[in-house]
Amino acid sequence: MVIPAHDEEALIGRCLAAVDRAVSHAKERTPDLDVAVVVVLDACTDTTAAQVRRWPVEAVEIGARRVGTARRVGVAHALGALSASPVDTWIAMTDADTVVPPNWISHQLDLAEAGVDLVLGTVRPDFADLSARHAAYWRATHHRGAPPGNVHGANLGVRASTYARAGGIPDLIEHEDVALVGAARALGARERASDAHEVETSGRFTGRTPAGYAAFLARVHAWVDAPPLAAPGA
């Protein structure tokens, strides 16, 4: 499991608490499950590193300031820490401003056992960060049981052998997740979109990448909450 983090002192604690619950839930079903949780501290200047070290995870520090590099380094470190062969390994990715559900790992492993190579999980914003109109719009346009199959690094799973054949996560500032999924699809990876393990990510409008989920929320907010146009002559 890989989590890139850049100056996330306000949110990393709840992220790792949720991840810890998901690991425990998965191990209740499979006691001998080998799990490596790697947090990649990318050019952090706040207390994120100190907070991460309070949790049973592995911390790797880099200074790339690129999410693609952070994910790639994290995956390499996680695979090196596991005893299983790449064929038997599943890579799960999320973000440091995200809260995963208890079944986050177990659901992906169920899909992997069914032969799926690539899992595109859904993401919903923290409604406490949105206006009432924005939250209502989101609820009205996202329906449980009908995952759209969008690519989110905050909820992405891939078989390690597929990851390797696809060339891994590219060294990009943004859209590294989309590039990986595109390469996996080109190989004919068996794909599944699912909202059964939906994650909640921060509803902030300024994120850690220029065109990430925060930028998307900002665009929707500007449209949904824009004042109505006055009628001619009003």
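Checking the stated criteria, Arg21 turns out not to satisfy the condition of being touching a residue at least 60 places away in the same chain (Cβ under 8 Å), among the charged types (D, E, K, R) and closer than 21 Å to Arg165 by Cβ.
Close Cβ contacts (under 8 Å, 6 or more residues apart or on different chains) running from residues in region 127-142 that are closer than 12 Å to His221 by Cβ to residues that are aromatic (Phe, Trp, Tyr) and surrounded by 12 or more Cβ atoms within 10 Å (Cβ to Cβ) comprise Leu130/Trp138; Ala135/Phe127; Trp138/Phe127. Residues in region 191-211 include at least one that is hydrophobic (A, V, I, L, M, F, W, C) and within 26 Å of His77 (Cα to Cα).
Scanning region 53-67 for any residue that is surrounded by fewer than 17 Cβ atoms within 10 Å (Cβ to Cβ), within 19 Å of the chain's Cα centre (by Cα), within 28 Å of Asp129 (Cα to Cα) and charged (D, E, K, R) turns up at least one such residue. Within region 1-22, the residues that satisfy the criterion of being within 15 Å of Arg54 (Cβ to Cβ) and β-branched (Val, Ile, Thr) are Ile3, Ile12, Val19.
Listed here are the residues, each with its yes/no results for (1) buried (at least 16 other Cβ atoms within 10 Å of the Cβ); (2) in contact with a helix residue (DSSP H, G or I) (Cβ under 9 Å, 6 or more places away or on another chain); (3) among the β-branched types (Val, Ile, Thr); (4) not in a strand (DSSP E or B).
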{"residue": "Arg124", "(1), (2), (3), (4)": "yes, yes, no, no"}
{"residue": "Arg133", "(1), (2), (3), (4)": "no, yes, no, yes"}
{"residue": "Ala136", "(1), (2), (3), (4)": "no, yes, no, yes"}
{"residue": "Ala140", "(1), (2), (3), (4)": "no, no, no, yes"}
{"residue": "His143", "(1), (2), (3), (4)": "no, no, no, yes"}
{"residue": "Val151", "(1), (2), (3), (4)": "yes, yes, yes, yes"}
{"residue": "Ala154", "(1), (2), (3), (4)": "yes, yes, no, yes"}
{"residue": "Val158", "(1), (2), (3), (4)": "yes, yes, yes, no"}
{"residue": "Ile169", "(1), (2), (3), (4)": "yes, yes, yes, yes"}
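Please verify whether Leu109 is within 20 Å of Arg208 (Cα to Cα), among the hydrophobic types (A, V, I, L, M, F, W, C) and modelled with pLDDT of 95 or more, treating the condition exactly as stated. No. Considering the conditions (1) crowded, with 17+ Cβ neighbours inside 10 Å; (2) of a type in the set (D, E, K, R); (3) free of Cβ contacts under 8 Å to residues at least 24 places away in the same chain, Arg71 is excluded by exactly one of them, (3).
The values are calculated or read from the model by the stated rules, or taken from the named source; none is laboratory data. Here the structure is a predicted model, which is why all the values come from computation and not from measurement. Reconstructed Cβ throughout: ideal geometry from the backbone, glycine too, with neighbour counts over all protein chains shown.
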